[in-house]
Amino acid sequence: MYRSYYYRQRYYQNREDILQQQQTNSELKVQLMEKESLEGLAEKLSLERRLLQSQMDPHFIFNLLGNIQSMILQNDRVTAVSYLGKFAKLTRQVLEQSRMEHILLEEEIRTLKNYIDLQQLRLNASFDYNIHVDETISTDISIPPLLLQPFVENAIEHGLKPLADIRRGLLEIQFHLDTVHDILECTITDNGIGLEESKDNKVKASHNSLSTGITNERLALMYPNNPFVRLEVRDREEGFGCVVYLAIPII
């Protein structure tokens, strides 16, 4: 009877110890999940903040408003009001889209056009641009917002603007659909001074690195372990300028 009582008590004690250990493990798992969730949220908020900061360059804003002010002083008020409206719309688009997970490709293209039109005004129409979308692409597909704008800014500010009187600038943006892997391929090409010459200026290199770094972080966060996601920035193989290639899964 004593042995039976002893082993029964030992069994219940071991069982209680196991249950307590399981409860402790469960609590630790919950705490770990909460920590990971909070860290993920903090990382996302930090990324959103840096994304927003990278969109609207202060020099772009000040120079653009200076050009609009010059139009007003020259009594070209109709054009001034038109561009002021574009600027207000662009600011609203950037603020709204920076908080979204995805937007329509059509909206992204409209934002890019608005931004490039304002850059043309700021640089006295010193360059041309065109945006080509393959006929097979439906503009109602969704992509992460504001992916291309930083690279368009780099192409204009650090590639086309320094051309001066060397040649007329040209910016081309193309969208192609890889139907095999459901990948949207975006290519930004300019005929500017190229990466090598831009690297001589630390500010230019830093700005380009910032855009590339933030975009890589966003892609890694949105498409973890996706082998088809790719971002490549390089000099053109033929002619002058730079090429940015971005491949992202379509939604």
### Query
Looking at the stretch 56-170, what % of the alpha carbon pairs are farther apart than 23 Å?
35
### Query
Residues with amide H under 5 Å of TYR129's amide H, sequence separation 5 or more or different chain, H placed in the peptide plane at 1.01 Å from N; which?
LEU171
### Task
Work out from phi, with θ = phi - 60° and the Karplus expression 6.51 cos²θ - 1.76 cosθ + 1.60, the ³J(HN,Hα) of each residue of the stretch 88-103, listed in order in whole Hz, and give x for Gly and Pro.
4, 5, 5, 4, 5, 4, 5, 5, 6, 6, 5, 9, 9, 7, 8, 9
### Query
Given H placed 1.01 Å from N in the peptide plane, which residues other than close sequence neighbours of GLY241 have an amide H under 5 Å from its amide H?
GLY192, GLY194, ARG236
### Task
Starting at the first residue of the stretch 229-238, write each ³J(HN,Hα) from the Karplus equation 6.51 cos²θ - 1.76 cosθ + 1.60 with θ = phi - 60°, in whole Hz, x for Gly and Pro.
6, 8, 10, 9, 10, 8, 6, 5, 6, 10
### Query
Roughly how large, in nm² to one decimal, is the mean projection of the convex hull of the alpha-carbon atoms in the stretch 56-249?
11.8
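Just so you know, all these numbers are worked out from the coordinates, no wet-lab data involved. These figures come from a predicted structure and were not determined experimentally.
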